[in-house]
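Peer 1: Mind having a look at this structure? Questions to follow.
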Amino acid sequence: MSNSRRYAYFISPHGYGHAARASAVMAAILELTPESEFDIFTLVPEWFFQDSVGGHLSYFPFLTDIGLAQKTPLKADLKQTYDRLNRYLPFRPPEIEKLSNLLVKRECSFVLCDIAPIGIPAARQAGIPSVLIENFTWDWIYEAYPREEPGPAKFIPYLKSIFDTADFHIQTEPICFPRPVNLKTAPVSRKPRKSPLEIRQSLQIPESGKMVLITMGGLPMQYSFLSDLAVFDEIFFILPGGSEKVCFQGNLRLLPQRSGYYHPDLVQASDVVIGKVGYSTLAEVYWAGVPFGYISRSDFRESETLVEFITTHLNGYPIPEKEFSGTAWVSHIPELLSLSRRKPRDPEGAGEIGYYLTSLPDRAPYSNGAKSKIDLVGL
């Protein structure tokens, strides 16, 4: 096995959760094979990967999938989703050919896809093995929505046919739709870098103070309850995406999307995390063992599986979506702070994936094997 592999990584731009999981996998690969290189295809900002992985990256801004259009971090827009899908699918053969030629030119050894399907036919045409990494796929998500037009259900067979042709398939807990795959792992999370003490000191939180992280996965959010938090003078609230610049106001710490504070560090340093039920936040909370006040997304099918995992493996406390949009939930903060941490199990999912991928042989007849041909034009 060569230590100088180049991996192409196609990553869904739906939120930052897929980018966070992909970053954790890249970091795990680099721990095992430090000379590895990554070509990243996505519309997630390049800085996210620079901050999460560091070097060894080449960035290609590219629309890798549509996923779900969002009205807010908690609400999807189905009509806009359908409109975007209708323009995006089916994949155009010239676009697949252009991608496959680039993969060959870049001498990529593997194509990794975090639920971004376009990398799979591009890899197949290039004769390069593809690896699908997921805890759900978009065809499974779209099954939950009404099948009347216009709606994303129209695209289910097409997307399923593409996901089914990946050469290797990895699922990461919490798994929404278990199926026979090559590897199943524990939750995948980026590792913290700084100690809780360092983080608390940099946020000017006194030793006797409590730290509560309120997060929508780092996405910008307007909060209506900030004035209600001021009454808890011994509790300090950290809000990534709560301001355009770092702003300390009393017991509030408002941070921009890119603040210089690494999200896994903030999670580990917190006494409680409050936020939407999303994959990367859940994984980071799980490995930190921190109590989780969670807001489920009623219109996103993944949420049910994530909530089930929280109730089984974390000390969690549900906060109704309607309460969180107002101020009623604030009264639950003392109860949340009374919850204790829970120690996670090992091994960590990213490490499992890194070991599996770096153990695969460099050359094998993967994409030219017996799997069915992808229909790029049919819907």
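Peer 1: Within the range 89-111, take every residue that is in a helix (DSSP H, G or I) and touching a Leu at 6+ places or on another chain (Cβ under 7 Å) and give me the one that is surrounded by the fewest Cβ atoms within 10 Å (Cβ to Cβ).
Peer 2: Initial filter on the range 89-111 (in a helix (DSSP H, G or I)): 93-105.
Those left that are additionally touching a Leu at 6+ places or on another chain (Cβ under 7 Å): 93, 96.
Numbers: PRO93: 12, ILE96: 20.
Here the answer is PRO93.
Peer 1: Look through ILE353, ILE333 and report the one residue that is surrounded by 12 or more Cβ atoms within 10 Å (Cβ to Cβ), at pLDDT below 95, among the aliphatic types (A, V, I, L, M) and out of contact with any Pro (no Cβ under 9 Å at 6 or more places or on another chain).
Peer 2: Values: ILE353 fails: at pLDDT below 95.
ILE333 is the lone residue from the list that is surrounded by 12 or more Cβ atoms within 10 Å (Cβ to Cβ), at pLDDT below 95, among the aliphatic types (A, V, I, L, M) and out of contact with any Pro (no Cβ under 9 Å at 6 or more places or on another chain).
Peer 1: So which helices (runs of 4 or more DSSP H) stay within the range 229-338 end to end and still have 3 or more residues that are in contact (Cβ under 8 Å) with a residue 60 or more places away in the chain, among the small types (Gly, Ala, Ser) and out of contact with any Asp or Glu (no Cβ under 7 Å at 6 or more places or on another chain)? Talk me through it step by step, then tell me what you get.
Peer 2: On the way: elements: 263-269, 279-288, 302-313, 321-324, 333-337.
Helices (runs of 4 or more DSSP H) meeting the threshold: 279-288.
Peer 1: Considering every residue within the range 50-72, establish whether at least one is over 27 Å from VAL25 (Cβ atoms) and assigned to a strand (DSSP E or B).
Peer 2: Looking for residues that are over 27 Å from VAL25 (Cβ atoms) and assigned to a strand (DSSP E or B), one finds at least one in the range 50-72, hence yes.
Peer 1: Filtering the range 179-191 down to residues that are touching a strand residue (DSSP E or B) at 6+ places or on another chain (Cβ under 8 Å) and closer than 16 Å to GLY349 by Cα, which residue is surrounded by the most Cβ atoms within 10 Å (Cβ to Cβ)?
Peer 2: The selected residue is VAL188.
Peer 1: Quick one: ASP362 ticks every box in (1) surrounded by 15 or more Cβ atoms within 10 Å (Cβ to Cβ); (2) assigned to a loop (DSSP other than H, G, I, E, B); (3) at pLDDT 60 or above except a single one, so which number is it?
Peer 2: Looking at each condition in turn, ASP362 falls short on (1).
Peer 1: Considering each of ASP114, ASP83 in turn, give the residue that is touching a residue at least 60 places away in the same chain (Cβ under 8 Å), part of a strand (DSSP E or B) and either of a type in the set (D, E, K, R) or not assigned by TED's automatic domain parsing to the domain that holds VAL181 (or both).
Peer 2: Details: ASP83 fails: part of a strand (DSSP E or B).
Going through ASP114, ASP83 in turn, just one is touching a residue at least 60 places away in the same chain (Cβ under 8 Å), part of a strand (DSSP E or B) and either of a type in the set (D, E, K, R) or not assigned by TED's automatic domain parsing to the domain that holds VAL181 (or both): ASP114.
Peer 1: Something else now. Tell me yes or no: at least one residue of the range 148-160 is touching a strand residue (DSSP E or B) at 6+ places or on another chain (Cβ under 7 Å), small (Gly, Ala, Ser) and more than 30 Å from LYS245 (Cα to Cα). Can you show your working first?
Peer 2: First pass over the range 148-160, keeping only residues touching a strand residue (DSSP E or B) at 6+ places or on another chain (Cβ under 7 Å): none.
Within the range 148-160 (the criterion being touching a strand residue (DSSP E or B) at 6+ places or on another chain (Cβ under 7 Å), small (Gly, Ala, Ser) and more than 30 Å from LYS245 (Cα to Cα)), the answer is no, since none of the residues qualifies.
Peer 1: Hey, any hits in the range 107-120 for a residue that's of a type in the set (Asp, Glu), more than 18 Å from the chain's Cα centre (by Cα) and more than 28 Å from LYS191 (Cβ to Cβ)?
Peer 2: Start the filter on the range 107-120 by keeping residues that are of a type in the set (Asp, Glu), which leaves 107, 114.
Still in the list and also more than 18 Å from the chain's Cα centre (by Cα): 107.
Right, trim to more than 28 Å from LYS191 (Cβ to Cβ) and you get 107.
Scanning the range 107-120, I find at least one residue that is of a type in the set (Asp, Glu), more than 18 Å from the chain's Cα centre (by Cα) and more than 28 Å from LYS191 (Cβ to Cβ), so the answer is yes.
Peer 1: Between a first residue in the range 27-41 that is more than 22 Å from PRO192 (Cβ to Cβ) and assigned by TED's automatic domain parsing to the domain that holds PHE10 and a second residue that is part of a loop (DSSP other than H, G, I, E, B) and not aromatic (Phe, Trp, Tyr), which pairs have beta carbons less than 6 Å apart while being 6 or more apart in sequence or on different chains?
Peer 2: Hits for this filter: THR33/ASN3; GLU35/ASN3; GLU35/SER4; SER36/ARG5; GLU37/HIS56; ASP39/ARG106; PHE41/THR64.
Yes/no per residue for (1) aromatic (Phe, Trp, Tyr); (2) farther than 21 Å from ILE115 by Cβ; (3) buried (at least 23 other Cβ atoms within 10 Å of the Cβ):
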position: TYR261; (1), (2), (3): yes, yes, no
position: VAL267; (1), (2), (3): no, yes, yes
position: THR281; (1), (2), (3): no, no, yes
position: PHE300; (1), (2), (3): yes, no, no
position: GLU304; (1), (2), (3): no, no, no
position: VAL307; (1), (2), (3): no, no, no
position: TYR317; (1), (2), (3): yes, yes, no
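Peer 1: With closer than 30 Å to HIS263 by Cα, without any contact (Cβ under 8 Å) to a residue 60 or more places away in the chain and not basic (Lys, Arg) as the only criterion, which of GLU173, GLU134 stands out?
Peer 2: GLU134
Peer 1: Quick one: in the range 122-136, of everything that is in contact with a Leu (Cβ under 6 Å, 6 or more places away or on another chain) and not β-branched (Val, Ile, Thr), which residue is farthest from LEU159 (Cα to Cα)?
Peer 2: Initially, the range 122-136 is screened for residues in contact with a Leu (Cβ under 6 Å, 6 or more places away or on another chain), giving 122, 126, 128, 131.
Now restrict to residues that are not β-branched (Val, Ile, Thr): 122, 126.
On the way: ALA122: 14, ALA126: 20 Å.
Looking at the filtered set, the residue picked out is ALA126.
Peer 1: Would you pick out the residues in the range 21-43 that are part of a helix (DSSP H, G or I) and among the hydroxyl-bearing types (Ser, Thr, Tyr)? Even if it seems obvious, please write down each step before you answer.
Peer 2: From the range 21-43, those part of a helix (DSSP H, G or I) are 21-32; that's our starting set.
SER23, the sole residue that qualifies.
The values are calculated or read from the model by the stated rules, or taken from the named source; none is laboratory data. On a predicted model such as this, the values are computed, not experimentally measured, just so you know. For neighbour counting, all protein chains shown are included, and Cβ atoms are generated from backbone atoms with ideal geometry for every residue, glycine included.
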